[in-house]
Each structure stands twice: as structure tokens, then as C-alpha cells.
1. Go through (1) within 29 Å of residue 163 (Cα to Cα); (2) surrounded by fewer than 18 Cβ atoms within 10 Å (Cβ to Cβ) and name the single condition residue 123 misses.
2. Kindly establish whether residue 89 is of a type in the set (Phe, Trp, Tyr), farther than 17 Å from residue 54 by Cα, within 22 Å of the chain's Cα centre (by Cα) and in the same structural domain as residue 58 (by TED's automatic domain parsing).
3. In the list 299, 285, which residue meets the criterion of being crowded, with 20+ Cβ neighbours inside 10 Å, outside the structural domain of residue 231 (by TED's automatic domain parsing) and farther than 28 Å from residue 7 by Cβ?
4. Filter the stretch 343-391 down to residues that are on the phi < 0 side of the Ramachandran plot and in a loop (DSSP other than H, G, I, E, B), then give me how many there are.
5. Consider residue 217 against the criteria (1) part of a helix (DSSP H, G or I); (2) over 21 Å from the mean Cα position of the chain (by Cα): it satisfies all of them except one. Which criterion is unmet?
6. Can you give me the number of residues within the stretch 26-60 that are crowded, with 18+ Cβ neighbours inside 10 Å, touching a residue at least 40 places away in the same chain (Cβ under 8 Å) and either over 28 Å from residue 179 (Cβ atoms) or of a type outside the set (A, V, I, L, M) (or both)?
7. Can you give me the number of residues within the stretch 118-161 that are modelled with pLDDT of 85 or more and of a type in the set (Asp, Glu)?
8. For residue 339, state whether it is in contact (Cβ under 8 Å) with a residue 60 or more places away in the chain, closer than 30 Å to residue 390 by Cα and either not assigned by TED's automatic domain parsing to the domain that holds residue 183 or not small (Gly, Ala, Ser) (or both).
Amino acid sequence: MPKKLVLTCLLNFFIAALMGLALRYTYIFPIPFNFRFLTHAHSHVAMLGWVYLMLYVLIVHYFIPEKKPVYNKLFWITELSVVGMMLSFPFQGYAALSISFSTLHIFCSYYFVRLIWKNHKTDSVVSGYLLKASLIFMAISTAGVWCLGPAVSVLGQASAFFQIAIQFFLHFQFNGWFLIAVLAVLFHKLQIKDSKDFRRFFNLLIISTILTFALPVNWFAPHISLLWINALGVLLQIVSLYLFLKLIKKPFNELLNTSSKLTKFLYHFSMLCFILKIGLQTMSLIPEISNMAFHHRNLVIGFIHLTMLGVISGFLFAYILQSKLVSPSRILTSGMYVFILGFILTEVIIIVQGCLFYFGIGMLPNYYVLLFLSSILLPLGVFSLIFNIYKTKLV
């Protein structure tokens with residue numbers, strides 16, 4: 001993997017983590033930034049600057065045998081759009097400049113889909129299916145973005161249509177594009193063979209990803225049928241998880257046997273978070289829990305961070321650590337454990353506070369201070385990886 005590109009992705013992640021830290025600091029001492037604007041910047045840089053671009057690098061690295069200059073050029077144009085959003089969103093929110101850079105990113109993503117679809121090569125039918133599915137979900141998810149303008153002009157930002165359009169984008173970005181692309185790389189590394197179990201897993205994964213969108217739709221346009229659709233999606237997801245664990249059990253253990261202790265830990269941690277994510281989605285079958293999650297923002301943020309930091313970033317870190325870009329060191333090992341500790345502490349604090357709100361108990365003592373102090377560990381962990389890659393000399 002190109003060192004400069006990976007460092008750029010991690011630097012985006014580091015900046016997004018600092019923005020998240022600033023957001024939590026505002027609850028202790030106000031800062032001269034619009035909270036909502038900074039939130040938009042934080043989420044866009046984290047999703048599009050870190051996860052999107054890191055997946056870009058991995059997909060080109062593993063699935064494109066002929067590295068034409070167009071991939072490098074497209075990466076930097078996409079990074080330009082991310083920097084544009086990074087600099088415009090904190091000051092103006094959704095306005096002409098930030099929307100222009102967001103639009104540029106979308107068109108870059110369309111071209112990326114076209115290039116990968118046309119030029120990718122893999123000996124594995126399995127990873128090819130997953131890669132194509134992730135690209136399709138990425139393209140489909142942008143329909144939610146294109147609906148935002150008409151939704152605002154016709155019905156307003158408070159309308160169900162506007163909220164559902166946002167949820168459409170987020171759901172198929174996280175659960176379609178990001179997650180399935182991460183699995184495509186994993187299956188490629190594990191060299192999983194095509195089989196009836198894989199076909200069942202793949203079909204159930206796709207169907208459940210589509211059906212579970214019914215839950216966020218139900219939040220804004222409640223109907224009993226949506227709960228049943230989500231229930232079916234969750235049940236299919238559980239079966240797909242079983243098939244997934246069955247498929248990867250032997251090759252995954254073989255991969256771990258050849259990995260460093262730190263990489264092995266990250267793989268185990270990411271897999272645990274993946275199982276926990278599906279477990280929490282299973283709990284949404286209970287209407288009371290589903291409504292509690294919707295009405296208490298802490299729980300929604302906790303679930304988003306579980307997916308972004310625990311599952312997706314965990315796997316991405318593991319993939320980076322398996323490359324020649326890093327060299328074993330105490331600083332790197334400490335930094336990765338610091339990141340995981342920060343993630344766990346912030347998740348526990350957020351979820352405990354959400355539960356306290358639900359039961360009407362009130363605020364956790366020193367909640368905002370504890371959350372801020374725990375959040376400091378996240379950018380520290382990312383910086384340790386940046387520092388290690390920067391200092392590592394490629395042979």
C-alpha cells in the first residue's frame with residue numbers, strides 16, 4: 001500500500017478525532033464554533049476522509065493489478081473534496097461551498113465505482129461478489145443525498161421525508177458500502193472458496209441489509225408492517241452471522257497464527273464488536289428498546305461509534321498493521337491499546353448515561369468531563385499509528 005496515501009487517510013482520521021474531542025469539550029467550556037456545523041465536519045471527515053479513502057486504498061491495492069495513474073489522481077481529487085468539507089463545514093454548515101465539495105466527492109465516488117467495476121481482477125468469486133455488492137450499495141446510498149434538496153424545498157428539514165433520506169444514506173453507507181467492503185478485503189485475505197454456505201451467507205447478508213432499513217423508516221413514518229420487515233431482516237442477519245463464522249473459522253485461525261500479538265488482538269476485538277453490533281440490532285425486535293434508542297441520542301451515537309470505531313476502524317487498523325508500512329514498537333502497541341481503551345470507556349459512559357436518562361435518574365456525575373477525558377485517548381491512539389508509519393523505512 002502506498003505510504004503517503006495511508007498516512008493521508010490516518011491524518012484525516014486524526015483531524016476527525018480532534019473535531020470530536022472539540023465537540024465534547026464544548027459541554028465543559030463553550031468554544032467559538034457552531035456545534036451543529038462542527039458535527040457535520042466531524043462526521044463527513046470521519047466517514048469520507050478516513051473510512052472511504054482507506055477502503056479506496058485497500059481495494060486498489062488488493063483488486064487492481066495494474067496501478068494506472070488515474071487511481072492516484074482520483075485519490076487526490078477526492079482528498080481535495082474532503083479538505084474542502086473539513087474547512088467549510090465548521091464555518092457555514094450546509095451552504096454553497098460545503099455542498100459543492102460534497103457533490104464533488106459523490107461524483108468522484110461514481111467514477112471510482114466505474115473504474116473498479118471495469119478493472120478489478122480477483123481469483124476469488126467470493127471476494128468479487130462482496131466487492132461488487134459494496135460498490136452497488138455505495139452508489140445507491142447517494143440517492144439519499146440527492147433527495148435532501150427537494151425534501152428541504154418542498155417539505156422542510158423537519159419532515160419525515162428529509163429524515164428518512166438522511167437515514168437512507170447513512171444506513172447503506174455503514175451497513176452496505178463500508179461493512180461489506182471490509183468483509184471483501186477480509187475474505188480476500190482469508191482466501192475463502194466459493195460454496196453453498198457462502199452463497200447463502202451472501203444472499204442473506206444483502207437481503208438483511210435492505211430489510212433492516214425498515215427500522216429507521218419506522219422512526220419517522222411509524223407503521224406496524226415496518227417492524228415486521230425489520231424483524232425478518234434481523235433474523236436473516238443472525239443466520240448470516242452464523243454462516244459467516246462457520247465460513248471463516250478455520251482460515252481465520254490460520255491468519256491469526258501468522259499475525260503479531262497486536263494484530264491478533266485487533267482482529268479479535270473487531271470480530272467481537274461485529275457480533276455485538278448484530279446483537280444490539282437483534283434487541284431492536286423489542287419495540288420498547290427500539291423506541292428508547294431513537295429518543296435518547298446517546299444510544300444512537302454509541303451504536304454509530306460501535307460500528308465506525310469498533311468494527312470498521314478495528315478491521316482497517318488490523319489490515320494496516322499486517323502491511324509493511326509499520327514496524328513493531330512499544331509506542332505503536334501502547335497507542336493501539338490506548339485507542340481501544342478510549343473507545344471502550346466512551347462507549348460505556350455514553351450507554352450508561354443513555355440508560356440513566358431513560359429511567360429518569362438524571363445525569364451521571366461529571367459526565368461531560370469523564371467523556372472528554374476518555375475521548376483524548378482516541379486521537380492519541382491514531383497519532384501513534386501515524387508516527388510509526390512515518391518513521392518506518394520501507395525496504
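1. Evaluating residue 123 over (1) within 29 Å of residue 163 (Cα to Cα); (2) surrounded by fewer than 18 Cβ atoms within 10 Å (Cβ to Cβ) leaves (1) as the failure.
2. Numbers: of a type in the set (Phe, Trp, Tyr): yes; farther than 17 Å from residue 54 by Cα: yes; within 22 Å of the chain's Cα centre (by Cα): yes; in the same structural domain as residue 58 (by TED's automatic domain parsing): yes.
The answer is yes for residue 89.
3. Values: 285 fails: crowded, with 20+ Cβ neighbours inside 10 Å.
Residue meeting the stated conditions: 299.
4. Filtering the stretch 343-391 for residues on the phi < 0 side of the Ramachandran plot gives 343-359, 361, 363-365, 367-391.
So of that shortlist, the ones also in a loop (DSSP other than H, G, I, E, B) come out as 359, 361, 363-365, 376.
Result for the stretch 343-391: 6.
5. The failed condition is (2).
6. 7
7. 0
8. Numbers: in contact (Cβ under 8 Å) with a residue 60 or more places away in the chain: no; closer than 30 Å to residue 390 by Cα: yes; either not assigned by TED's automatic domain parsing to the domain that holds residue 183 or not small (Gly, Ala, Ser) (or both): yes.
Taking the combined requirement at face value, the residue does not satisfy it.
The values are calculated or read from the model by the stated rules, or taken from the named source; none is laboratory data. Source: prediction; values computed, not measured. All Cβ positions, even for glycine, are placed from backbone atoms using ideal geometry, and neighbour counts span all protein chains on display.
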